[in-house]
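Accompanying notes for the structure given below.
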Amino acid sequence: MNIHRSARTCAAGRVLLIDRVMRQGWSVERTAAAAGISKRTVYKWLRRFKLEGAGGLADRSRGRSGRRTNCHLKRHTSFSSSAERNG
């Protein structure tokens, strides 16, 4: 799986974060320092794990939603069609 260039962790690294905090009893501060990430990021992964389980630790798409593109295309097509009719 490819991760984006600025990602500091991968799914396996996130599992390690969760293990250190929840099973090994590490503090969030210590875990963040060991991984080279912020405490906020550790809390984010903890929250996702608690809400979604292991699936919450997977990479997520950072791209635009297809819905936005389709909506834009639909409006553009409607505009073009009406402009051609009124021509």
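Every number here is computed from the coordinates shown, using simple stated rules; none is lab data. As the structure is a computational prediction, the values presented were derived from the model and not from experiment. Don't worry about glycine lacking a Cβ; one is built from the backbone with ideal geometry, like all the others, and counts go over all protein chains shown.
The overall shape of segment 1-61 is oblate: from the C-alpha gyration tensor, with semi-axes ordered a ≥ b ≥ c, the ratio a/c is 1.5 or greater and a/b is no larger than b/c.
Approximating the spin labels as points 7 Å out from Cα along Cα→Cβ, the Lys39-to-Asp59 distance works out to 3.0 nm.
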